[in-house]
Amino acid sequence: MFDKYLICTYGFRNVISETGAIQGFEMKIRIPYYRGVPLSVIDEIKIAAGGGMGMEPDMFTNDRIRFTVSGGSFMMAEMETVATRRWNFDEDATLMVYKPGGLINIDQQVELWITIRAPYGKFIGHDKKVLSLEADKYLAAAE
């Protein structure tokens, strides 16, 4: 129902650690369900990104994704135990994907699958968009 709105077109960037190394990338997503849910019912997130010209994209799964909303920040492996924090319908979630070196190309084809175990069944959201890395746009313009 909300699939074409899952991936936000803003907030897509490489994440630089305090030591200056790129540790991965971030993206913002919206909930694929019509109401808020406890974090414990978010079962799985998969992201395909990072493929270069003619190359298959990398697939990132729960073990490499940190999920952040106003209620806190958790690795996906922890989420099944987080029943007291919620992802609200009107709130963007930030996904931090751990990938040393981050994404190289400014424009990326990004595909997202998210599975939520809701009270009335399982909801699987899917979206696919071409996004531009925000911080890299500023760096490219400065050169």
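The values are calculated or read from the model by the stated rules, or taken from the named source; none is laboratory data. Just so you know, these numbers come straight off a predicted model, no measurement behind them. Because the Cβ atoms are built from the backbone with ideal geometry, glycine has one as well, and the counts that use them run over all protein chains shown.
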| note | Selection from segment 91-108 of residues of a type in the set (D, E, K, R) and either assigned to a helix (DSSP H, G or I) or in contact with a Phe, Trp or Tyr (Cβ under 7 Å, 6 or more places away or on another chain) (or both) yields 99
| query | Does segment 53-63 contain at least one residue that is closer than 21 Å to residue 13 by Cβ, surrounded by fewer than 18 Cβ atoms within 10 Å (Cβ to Cβ), modelled with pLDDT of 90 or more and touching a Ser or Thr at 6+ places or on another chain (Cβ under 8 Å)? | reply | no
| query | Out of all the residues in segment 7-41, which are under 14 Å from residue 67 (Cβ atoms), aliphatic (A, V, I, L, M) and in a loop (DSSP other than H, G, I, E, B)? | reply | 31
| Hey, among the residues in segment 75-105 that are more than 16 Å from residue 25 (Cα to Cα) and of a type in the set (Phe, Trp, Tyr), which one's surrounded by the fewest Cβ atoms within 10 Å (Cβ to Cβ)? | 89
| query | For segment 59-90, how many residues meet the condition of being of a type outside the set (D, E, K, R), more than 15 Å from residue 111 (Cα to Cα) and in a strand (DSSP E or B)? | reply | 8
| task | Answer yes if at least one residue in segment 42-59 is of a type in the set (A, V, I, L, M, F, W, C) and touching a Pro at 6+ places or on another chain (Cβ under 8 Å), and no otherwise. | result | yes
| query | If the Cβ limit is 7 Å and pairs must be 6+ apart or interchain, which residue in segment 46-64 that is farther than 17 Å from residue 127 by Cβ pairs with which residue that is exposed (fewer than 14 other Cβ atoms within 10 Å of the Cβ) and modelled with pLDDT of 95 or more? | reply | none
| request: Look through 44, 56 and report the one residue that is under 27 Å from residue 132 (Cβ atoms), of a type in the set (Asp, Glu) and either under 14 Å from the mean Cα position of the chain (by Cα) or part of a strand (DSSP E or B) (or both). | output: 44
